[in-house]
Structure formats: structure tokens, C-alpha cells
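Undergrad: Dumping the structure here so I can ask a few things about it.
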């Protein structure tokens, strides 16, 4: 890949944060909750620091904000300045530092918003990527991490186009009505809260379960029979598990559960990566006492109707001018829970249309092999836990990210068990990743 000059890449690139991007900066500052995304990849093979330095240079050449710092201006915030690849790479010798790495606050005003921790043990390498949510959303972040691993394998970089779905066709009047609907929903406090030990900031931990070949194929077959995507069955299992958890603690609570799901604004998500948040949240409600299949159909219908009504474009359209507000004023606006973050929990489905494992092995001529991968997502203050599914063509990994102030490790395992039981998995993978 041809290299651009250091001056072109590091000094001239300036990117203004959108209102959504700035929201994650403001939320972290006002709540103390880390707005960080994580992808951790274990590789087998030969890697050197030079390889990693070269890969990071390629990454920032394509996406300069990943190596820049955030600067406040009179009108909003900007990614600008020199790309500090030397500040992006961190090296450790023991996996025990991984817990601290996940929970170390990432300050985008003082350090690059995309960073890598490298832990080497002979021919095993753990690459722990993390990024501030202000610089990229989960969909884009996972694609960038995949490109980073491809670069290490010597594969030619994918030519990403810069297509971005327009939101200008949404009328302001429609956006205002949708905003009023959001405020009404948040004020009604109609959906249940996930029962937690404490609603306070704290370190995160991760619980993982795997749906291997037979179980995942069975899930796909059930989804096909119901004419829904497999993700809706997983979202329904999460909602039913939340209700079962609340009931098991004797909480006198409603069975109405709400989940906030990200809707991609990218036109062709598999080939397009652009810095910033190209997603918009939608909040879906349903009765968790419904059968799993009926719940999945209800969620699909709600999403289809919301997309037809363009509800997912309300916040991006209406709050686009807010990106020009001074950060102090914007923080006061963003800390209002009536706009987002009032749901029972988050749910995200990350579908991978191809398996990167074989691709990396072939591109490196067998020199590199992906052994394992894990992800984690931010958890809003009052939610305590969030569920994300990484779906490969032949299997799925389910990740429950939780704060230890909200759930102990054993409680989080029990909550995840409820999810897997709802999916009817006969032999669930039971790996625990905890800090």
C-alpha cells in the first residue's frame, strides 16, 4: 500500500465529531462510565514489534483520527494533530494486566482513541484492541480490527468506499414528533429495570458462551422457520432472561422489557468503514412472558415498522447541529436520559458474512493463525449489563459485559445461563472471561 507523507497524514487531517460522537465523550465525563469498545485476538505464529508498528502506521494512514487527539474548539470538538502511533502500542508480558487494560480510562483529549496492548508468550500473541466510542462505533471498530489483523498477515488492504446513508430526507417535523415520542417513553418508566446489586461505576468483566456448529445450525433453522433473523431469537432470549432473573430475586416488577439496539446507517456494511458513529439507536419493547418465538416475531415487526417510519433517523437529523455546541453546553444536553440510554439493556448483533480465520491463515501462508477472539461493549450506568453476539457463518459467540458493582462474576454466569437456556442449546460452551 503506498504510504502518504507524514505531513499529509498527521498534520493536515481534521475531523469534526458528530453530535453522536460527542455524546460518548460527554457521557463518560458526566457518569464515570467508560465508553470503550474492545476486541481481543489471540494469534499463533511469529510477530515482532516492527510488524505491529508497521500495521498501526497503515491503520492511521487510512483513518487518521485513530491516532490523533481530541481538541475542543469554539464550535464543537475535532480530531486533529499528529498521529502518535508510538502512543498507541502498549507492551506487557503477563495476561494478568489485561483486566487493568480493559478498565483503564481512555482519555481522548490526552491520548489516541485507538490503542493496542500486545502480550507475547513464545509463539502466542494476545492483541487487545480498544477504542473510545467517540471515534468509531462497534460495527466499524470490529472491521478496523479485522483490517489490522489482515495487515499483519500481509494481505492487501480492502478498498473501503466512503458511502454514508443520507439523513437529510427526514423532515424536521417528523424528527420532532419522534423526539417527543422518545421523551414520552423515557418519562413513563414503563419497562423493567434489570435487578442489580448497585447502580454505580466500576470495573467491567465478561462472560462468554459459545453456540457451536450443531446448536448454531439449529438456531438458524428455527429462525428460518419463523421467518426472522437469528439475532431476534437471541434478543428475545436476552429479554426473557432479564425477566427470569428479576423474578428469581423476588422483584415485583413488570414483564415489559425494553432493549436498545443499534441500527447501521451504512449502506453496505461489509465493505464500508468510516470514522465516527454511523449508527442510530432504536428502543424496542415487548412482554417477556411471551414465548420466545412470538417475542422474536414481535421484535422483528417493531423494527420493520420503525424503519418504514424512519424513526431511527430522528435523533441524527434533529441533533446534527449540536456538533457545533461548546463541549460544556453539550455535556449538559447529553446527560439528559430522556434522549437515549433509558432502556432496560443494550443488545447488539454483529454478523460476519465470512470467516476471517481461514483468510488470515492463507494470506500469511500458514505463518499466522487466529486461535480465539473476544469482544466487549460499554455498559450504561443504570443497565449494569449488555449483551452482544458475534455471529460467524458456522457458530456464534455470546458476550455478556457487566460491571462488577452490578453483578458478581457468579451472578453474571447465572444470568448468561438463563440466556443460553432460552435458546435451547444442548451443549453450550461455558468459558468465563473475568477481570
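Undergrad: Once the piece of chain linking residue 29 and residue 304 is laid out straight, how much longer is it, given 0.36 nm per residue of separation minus the C-alpha distance between them?
TA: 95.5 nm
Undergrad: Separate question: Which whole-angstrom value gives the distance between the alpha carbon centres of segment 355-379 and segment 206-223?
TA: 19 Å
Undergrad: Could I have the simple spin-label model distance between residue 104 and residue 87, label points 7 Å from Cα toward Cβ, reported in nm to one decimal?
TA: 1.3 nm
Undergrad: Say each of residue 94 and residue 417 gets a label point 7 Å from the Cα, pointing the same way as Cα to Cβ; how far apart are those two points in nm?
TA: Reported label-point gap for residue 94 and residue 417 is 3.1 nm.
Undergrad: Additional query: Between residue 254 and residue 49, how many nm apart are label points set 7 Å from Cα along the C-beta direction?
TA: Calculated label separation equals 5.7 nm.
Undergrad: Can you order the peptides 229-242, 134-147, 199-212, 350-363 by their average number of other Cβ atoms within 10 Å per residue, highest first?
TA: Values: 229-242: 25.8, 134-147: 23.8, 199-212: 19.4, 350-363: 15.4.
Put in order of decreasing packing, that is 229-242, 134-147, 199-212, 350-363.
Undergrad: Just how far, in whole angstrom, is segment 47-70 from segment 399-420 if you go by their alpha carbon centroids?
TA: Cα centroid to Cα centroid, the span is 34 Å.
Undergrad: By per-residue mean of other Cβ atoms within 10 Å, what is the highest-first order of 411-423, 87-99, 282-294?
TA: Details: 411-423: 19.9, 87-99: 14.2, 282-294: 17.8.
In decreasing order of mean packing, 411-423, 87-99, 282-294 become 411-423, 282-294, 87-99.
Readers should treat all values here as calculations from the given coordinates under stated rules, not as data from a laboratory. Please read all numbers here as calculations on a predicted model, not as lab measurements. No Cβ is skipped: glycine too gets one built from the backbone with ideal geometry, and neighbour counts run over all protein chains shown.
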